[in-house]
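The values are calculated or read from the model by the stated rules, or taken from the named source; none is laboratory data. The structure displayed is predicted, hence computed values, not measured ones. So basically every Cβ, Gly included, is an ideal-geometry build from the backbone, and we count neighbours across all protein chains shown.
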């Protein structure tokens, strides 16, 4: 793709990087073939190629974003299926991030949209605030029919109850036997409120196999929620806080990996090094690169580093594996969890059109409810085709989204792996 950025513009590292990515694009349009929004709408501007042109024109010519441009950029799920498909290696993730940051700085949304986005930005990264709001939501649910569609949709997706945490909050979870490795675990923000059993299963399976687990209390949200809302400065505050906290642990103890069991967070952690590559604080850049290099999805780590002790299955279950977009496209982690589940002796089923998003995508199902519901409908239809006993997924957003549209139980992959290696059976499975 031809570009016409000025020399002055190219002095900005973000613009220079975007120009390099744009020049790789050969306009082939293969990205559209796996773009969920293009599949639904059939609009060139709702596919990656069209969005790339919109972002290029907007940034290159320093244009004030129009309502039309913002609409098409907002509709992007950031599922990154286009990156898996692209034969030219176009890093769409960094282009769409740049576009969102530019829009946030140069476009004034309606008061209602600003209020909703600011509310999500404040609530979702704060577990205690989210929990409080969850209980309050129960009181207003009967009146939700009177509320705007977006608010009604958010209330519908809010859990009606919150599980009790069974593990005590500690800085270190030690195995009973010999320590064979040490890791740091990102416990997340919303996930530890609505599904604390995911972190509990993660710690149990690691401890059972001799892995010592560290949790940095000062780390909350990974920053990806604000990052994808285009709130660059707020996101970087979280990034820097996390980088320093984890680096401090690594400087005191030999740590083998930083583990993530929420794949959307994992994609962002692995990008910390890029985000801070040109930061004026060179020490921070170095730390960010180290943290990114150490970050692994839990199944990625287990598959490569730990020999799991599976118990013999008394009943062989049919398990449909939903490969979260942030896993298979964002991190290129697709086969590892499938291989681990297969080692358990159960029948693992891949879902037809499994490369297409379920519609969760962080805050997408809250902000783009109509599109998210259509994608959920398609995902559920495809899951029904394989007739599973239950579903496994590696991302809490996908689990929440799919559970809202299907009666088949869905649990986190690590809950199943914990169960299949001697842990408790997930409560969702009868």
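Of the conditions (1) free of Cβ contacts under 8 Å to residues at least 40 places away in the same chain; (2) over 17 Å from residue 396 (Cβ atoms), residue 161 satisfies every one except a single condition; which number is it?
Only one criterion is unmet by residue 161, namely (2).
Given the conditions (1) within 18 Å of the chain's Cα centre (by Cα); (2) closer than 28 Å to residue 100 by Cα; (3) without any contact (Cβ under 8 Å) to a residue 60 or more places away in the chain, which single one is not true for residue 225?
(3)
So, in the range 302-312, how many residues would count as being closer than 25 Å to residue 386 by Cβ and exposed (fewer than 12 other Cβ atoms within 10 Å of the Cβ)?
Residues in the range 302-312 being closer than 25 Å to residue 386 by Cβ and exposed (fewer than 12 other Cβ atoms within 10 Å of the Cβ): 1 in total.
Go through (1) under 29 Å from residue 156 (Cβ atoms); (2) crowded, with 17+ Cβ neighbours inside 10 Å; (3) in contact with a helix residue (DSSP H, G or I) (Cβ under 6 Å, 6 or more places away or on another chain) one by one and return the number of the condition residue 353 breaks.
(2)
Looking for something more than 30 Å from residue 91 (Cα to Cα) and either buried (at least 17 other Cβ atoms within 10 Å of the Cβ) or touching a strand residue (DSSP E or B) at 6+ places or on another chain (Cβ under 9 Å) (or both) - is there at least one such residue anywhere in the range 364-374? Let's see the steps before the verdict.
Here is the first cut: in the range 364-374, the ones more than 30 Å from residue 91 (Cα to Cα) are none.
Checked the range 364-374: no residue is more than 30 Å from residue 91 (Cα to Cα) and either buried (at least 17 other Cβ atoms within 10 Å of the Cβ) or touching a strand residue (DSSP E or B) at 6+ places or on another chain (Cβ under 9 Å) (or both).
Filter the range 154-165 down to the residues that are touching a helix residue (DSSP H, G or I) at 6+ places or on another chain (Cβ under 6 Å), in a helix (DSSP H, G or I) and within 13 Å of residue 400 (Cβ to Cβ) and list them by number.
Listed by number, the list holds a single entry, 154.
Given the criterion surrounded by fewer than 17 Cβ atoms within 10 Å (Cβ to Cβ) and free of Cβ contacts under 8 Å to residues at least 60 places away in the same chain, identify the matching residue among 282, 287, 296. Walk me through how you get there before you give the answer.
Details: 287 fails: surrounded by fewer than 17 Cβ atoms within 10 Å (Cβ to Cβ); 296 fails: surrounded by fewer than 17 Cβ atoms within 10 Å (Cβ to Cβ).
Residue meeting the stated conditions: 282.
Given the condition under 19 Å from residue 305 (Cα atoms), in the same structural domain as residue 293 (by TED's automatic domain parsing) and touching a strand residue (DSSP E or B) at 6+ places or on another chain (Cβ under 6 Å), answer yes or no: does some residue in the range 213-222 qualify? If you could, list the steps in order and put the result at the bottom.
Filtering the range 213-222 down to residues under 19 Å from residue 305 (Cα atoms) leaves 213-214.
Retained after the next criterion (residues that are in the same structural domain as residue 293 (by TED's automatic domain parsing)): 213-214.
Narrowing further to those that are touching a strand residue (DSSP E or B) at 6+ places or on another chain (Cβ under 6 Å): 213-214.
Scanning the range 213-222 turns up at least one residue that is under 19 Å from residue 305 (Cα atoms), in the same structural domain as residue 293 (by TED's automatic domain parsing) and touching a strand residue (DSSP E or B) at 6+ places or on another chain (Cβ under 6 Å).
Of everything in the range 375-387, what is touching a strand residue (DSSP E or B) at 6+ places or on another chain (Cβ under 9 Å) and either without any contact (Cβ under 8 Å) to a residue 12 or more places away in the chain or within 18 Å of residue 330 (Cβ to Cβ) (or both)? Give them in sequence order.
Of everything in the range 375-387, just one residue is touching a strand residue (DSSP E or B) at 6+ places or on another chain (Cβ under 9 Å) and either without any contact (Cβ under 8 Å) to a residue 12 or more places away in the chain or within 18 Å of residue 330 (Cβ to Cβ) (or both), namely 379.
Can you spot a residue in the range 107-116 that is part of a loop (DSSP other than H, G, I, E, B) and in contact (Cβ under 8 Å) with a residue 24 or more places away in the chain? Lay out the reasoning, then the answer.
Within the range 107-116, the first condition is being part of a loop (DSSP other than H, G, I, E, B), and the residues that meet it are 107-110.
Now drop any that are not in contact (Cβ under 8 Å) with a residue 24 or more places away in the chain, which leaves 107, 109.
Within the range 107-116, one or more residues are part of a loop (DSSP other than H, G, I, E, B) and in contact (Cβ under 8 Å) with a residue 24 or more places away in the chain.
Residues are listed down the side, and each one gets a yes or a no for (1) closer than 19 Å to residue 363 by Cα; (2) in the same structural domain as residue 361 (by TED's automatic domain parsing); (3) in contact with a strand residue (DSSP E or B) (Cβ under 9 Å, 6 or more places away or on another chain); (4) modelled with pLDDT of 95 or more:
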position: 28; (1), (2), (3), (4): no, no, no, no
position: 46; (1), (2), (3), (4): yes, no, no, yes
position: 58; (1), (2), (3), (4): no, no, no, yes
position: 65; (1), (2), (3), (4): no, no, no, yes
position: 74; (1), (2), (3), (4): yes, no, no, yes
position: 83; (1), (2), (3), (4): no, no, no, yes
position: 116; (1), (2), (3), (4): yes, no, no, no
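Does the range 195-213 contain any residue that is in contact with a helix residue (DSSP H, G or I) (Cβ under 9 Å, 6 or more places away or on another chain), without any contact (Cβ under 8 Å) to a residue 60 or more places away in the chain and within 21 Å of residue 120 (Cβ to Cβ)?
No; the residues of the range 195-213 include none that is in contact with a helix residue (DSSP H, G or I) (Cβ under 9 Å, 6 or more places away or on another chain), without any contact (Cβ under 8 Å) to a residue 60 or more places away in the chain and within 21 Å of residue 120 (Cβ to Cβ).
Which residues, taken from the range 279-303, are under 20 Å from the mean Cα position of the chain (by Cα) and within 13 Å of residue 240 (Cβ to Cβ)?
The answer is 288, 291.
I'd like to know if the range 93-106 contains one or more residues that are within 17 Å of residue 365 (Cβ to Cβ) and crowded, with 17+ Cβ neighbours inside 10 Å. Steps first, please.
Taking the range 93-106 as the starting set, the residues that turn out to be within 17 Å of residue 365 (Cβ to Cβ) are none.
No, that holds for no residue.
Let me spell it out: the conditions are (1) in contact with a strand residue (DSSP E or B) (Cβ under 8 Å, 6 or more places away or on another chain); (2) free of Cβ contacts under 8 Å to residues at least 24 places away in the same chain, and residue 314 meets all of them except one. Which number is the exception?
Every listed condition holds for residue 314 apart from (1).
Within the range 216-255, which residues are assigned to a loop (DSSP other than H, G, I, E, B), at negative phi and surrounded by 18 or more Cβ atoms within 10 Å (Cβ to Cβ)? Break it down into steps so the answer makes sense when it comes.
Here is the first cut: in the range 216-255, the residues assigned to a loop (DSSP other than H, G, I, E, B) are 216-223, 229-231, 253-255.
Still in the list and also at negative phi: 216-222, 229, 231, 253-255.
Hits for the range 216-255 are 216, 219, 220, 221, 222, 229, 231, 255.
Being under 20 Å from the mean Cα position of the chain (by Cα) and not in a helix (DSSP H, G or I) narrows it down to one of 397, 423, 405, so name that one. Show your work before the answer.
Values: 397 fails: not in a helix (DSSP H, G or I); 423 fails: under 20 Å from the mean Cα position of the chain (by Cα).
Selected residue: 405, the only one of 397, 423, 405 that is under 20 Å from the mean Cα position of the chain (by Cα) and not in a helix (DSSP H, G or I).
Counting only residues that are part of a helix (DSSP H, G or I) and in contact with a helix residue (DSSP H, G or I) (Cβ under 9 Å, 6 or more places away or on another chain), which one in the range 377-394 is surrounded by the most Cβ atoms within 10 Å (Cβ to Cβ)?
Within the range 377-394, the first condition is being part of a helix (DSSP H, G or I), and the residues that meet it are 377-386.
Okay, now just the ones that are also in contact with a helix residue (DSSP H, G or I) (Cβ under 9 Å, 6 or more places away or on another chain), so 378-380, 383.
Details: 378: 18, 379: 26, 380: 18, 383: 23.
Only one residue fits best here, namely 379.
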